[in-house]
């Protein structure tokens, strides 16, 4: 004799909260790896004299990158090329991203674009972007009066 199971149409439905949690989880915390495109993660920090940018660009060489600054807009462009596929391999999963990318960040203040120092080491692009003189904080000395 077969067991009968009562069908509940609401059993498989998500609550609104579960749906929103899944949306945020997939969009921000764990991006969908099936979509194309690559956007390097970066850190932007500031010292007294310069802005520091560190961007993760694993596997890229200096000639694969282009860095520009125009009107306080920092642009990092590059391309991760896919290695030639072997015809004898059947891929079960491909999670590494390939293709061209562009990352733009608006810098908070005016900078000296002609004095930027860039280095690439262990897959991390480091930029030291000096601040323009007019935006550096200046201490004004006050002379005592002779009264």
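Just so you know, all these numbers are worked out from the coordinates, no wet-lab data involved. Everything quoted here is computed from the prediction, not taken from an experiment. Virtual Cβ from ideal backbone geometry, glycine too; neighbours counted across all protein chains shown.
With a ≥ b ≥ c taken as the square roots of the eigenvalues of the C-alpha gyration tensor of the range 36-145, please select rounded if a/c is under 1.5 and otherwise prolate if a/b is larger than b/c or oblate if it is not? In terms of gyration-tensor shape, prolate. If the chain linking residue 106 and residue 94 were pulled fully straight, counting 0.36 nm for each residue of separation and taking away their Cα-Cα distance, it would gain 1.0 nm. Remark: relative contact order (the range 54-147) = 30 percent; criterion is Cα-Cα distance under 8 angstrom and separation of 6 or more residues. Taking the range 52-75 and a reference point 7 angstrom along Cα→Cβ of residue 45, the backbone N atoms nearer than 16 Å belong to 52-56.
By the count of other C-beta atoms within 10 Å, a proxy for reagent exposure, 145, 45 are ordered fewest to most as 145, 45.
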